[in-house]
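Structure, as structure tokens:
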Amino acid sequence: MSKMIYLYPLFTTLALMLTCGCGKDDTPQPLKPVQAPSDPAPNYVVAMVNDTPLVWENMNRRAMGYLKDERETNHLIIPESRMEEAKEHFRKKALKIFVLKTLMMEDATKSNIRVSPRDRIRGLERLANYLKDRNWTTNDFFNKGPMSPAVMHKEFDDSLIIDKYRSLVISSKMTLEKNAVANMIASINATNKLKRVQLEGVRKQLLQGANFEELAKKYSACPLSSKKGGDLGEFGRGKMIKEFEDAAFSQKVGEIGPVIRSPYGYHIIKVTAHTQKKAATDSTPEIPETVRASHILIKLLPSDKREITDTLKKKLFEKESINLYRKLLGNADVKCFLYEDIKYEDIKF
């Protein structure tokens, strides 16, 4: 089972800073919008958030960073005929992030939020964890981002402020509803029982002569073997988790085993070969006992109390973050001079 890492967020837009900076730049910016030409000038004001402007050059550069990242990191394929549509999508995304961050930074400044050295260390640790999937270090983040290293450092500093701001405003006052964890555990346990019933149904089909490989491809959630009809190859003792190993080495070749449970979920095992151990002789080395087996796996939902509590808190934190943002948005003067129909409320944390 994959290990869930739960952290109150290093501000959501930090993840987006790889592709979209959202802070104020040092370049002079006009304070009043002008009529938008068909091809906006670099300093054309796209939007105003209270007294803070966003100009075309900054929005477009950030949006193209989003697009580049989606294509290079997430392998997004965009037909050339829809490229302009994609660019507009990411421009609107950059604009929404700018509005969200500007409003939270303004309120954090009013609240006199300060970041301590310890906050910075923890922030760098969380950033390093986030970057693992990209095989990036924190130095890569600051030096390879779409903005200059100085701006990337500024963005990181701002994310620490907003992170602390949200924690003070939301986390310190946030409580789960009574019995929320117990109710979730009960629901998960009920779902896991249904998963066993489902796999028992698959086993019944196998006992009636259904093809093991076909059902493994259809039902198994094992990422290593499902495409190969459930085949795990040959393995010796000590290579698999105990529950699986005990079942595999005790089954007869060709037998459809009973449904067993392991930390990964429920399994049906079929042993396709069993080589007995042979002692070493003067001329041959010892041959260890091995089996070759296939299996069908249905994964269980995790029911660990601490993990569920963290998951529920994370969902509640995200919900309250949206409520906080919408409250700030309702009290702000936000004007957009480029997209008349844009909605800022639908942003996700």
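The values are calculated or read from the model by the stated rules, or taken from the named source; none is laboratory data. Quick caveat, the model's predicted, so the values are computed rather than measured. Using ideal geometry, Cβ is built from the backbone for each residue, glycine included, and neighbour counts are taken over all protein chains shown.
Checking the conditions here, which among G229, G257 is over 30 Å from E307 (Cα atoms), surrounded by 15 or more Cβ atoms within 10 Å (Cβ to Cβ) and touching a Ser or Thr at 6+ places or on another chain (Cβ under 8 Å)?
G229
May I ask you to verify whether A216 is of a type in the set (G, A, S), over 32 Å from the mean Cα position of the chain (by Cα) and farther than 14 Å from E289 by Cα?
no
From the residues in the stretch 186-212 that are β-branched (V, I, T) and surrounded by 15 or more Cβ atoms within 10 Å (Cβ to Cβ), which one is nearest to P302 (Cα to Cα)?
I188
Is it true that S159 is among the polar types (S, T, N, Q) and in contact with a Lys or Arg (Cβ under 9 Å, 6 or more places away or on another chain)?
Spelling it out, S159 is indeed among the polar types (S, T, N, Q) and in contact with a Lys or Arg (Cβ under 9 Å, 6 or more places away or on another chain).
Of all residues in the stretch 258-294, count the ones that are among the hydrophobic types (A, V, I, L, M, F, W, C) and either part of a loop (DSSP other than H, G, I, E, B) or not assigned by TED's automatic domain parsing to the domain that holds F244 (or both).
Total meeting the criteria: 3.
Could you tell me which of the residues L103, L76 is within 20 Å of the chain's Cα centre (by Cα) and either in contact (Cβ under 8 Å) with a residue 24 or more places away in the chain or more than 18 Å from R326 (Cβ to Cβ) (or both)?
After applying the criteria, what remains is L76.
Could you tell me whether D341 is more than 23 Å from A186 (Cα to Cα), assigned by TED's automatic domain parsing to the domain that holds N211 and part of a loop (DSSP other than H, G, I, E, B)?
Here the answer is no, as D341 does not meet what is asked.
Give me the residue from the stretch 237-249 that is at pLDDT 95 or above and small (G, A, S) and, out of that set, surrounded by the most Cβ atoms within 10 Å (Cβ to Cβ).
Within the stretch 237-249, the match that is surrounded by the most Cβ atoms within 10 Å (Cβ to Cβ) is A248.
For the stretch 113-133, name all the residues that are assigned to a helix (DSSP H, G or I) and not basic (K, R).
Passing the criteria: P117, D119, I121, G123, L124, E125, L127, A128, N129, Y130, L131, D133.
Just wondering, is there one or more residues in the stretch 303-322 that are part of a loop (DSSP other than H, G, I, E, B), surrounded by 13 or more Cβ atoms within 10 Å (Cβ to Cβ) and modelled with pLDDT under 90?
yes
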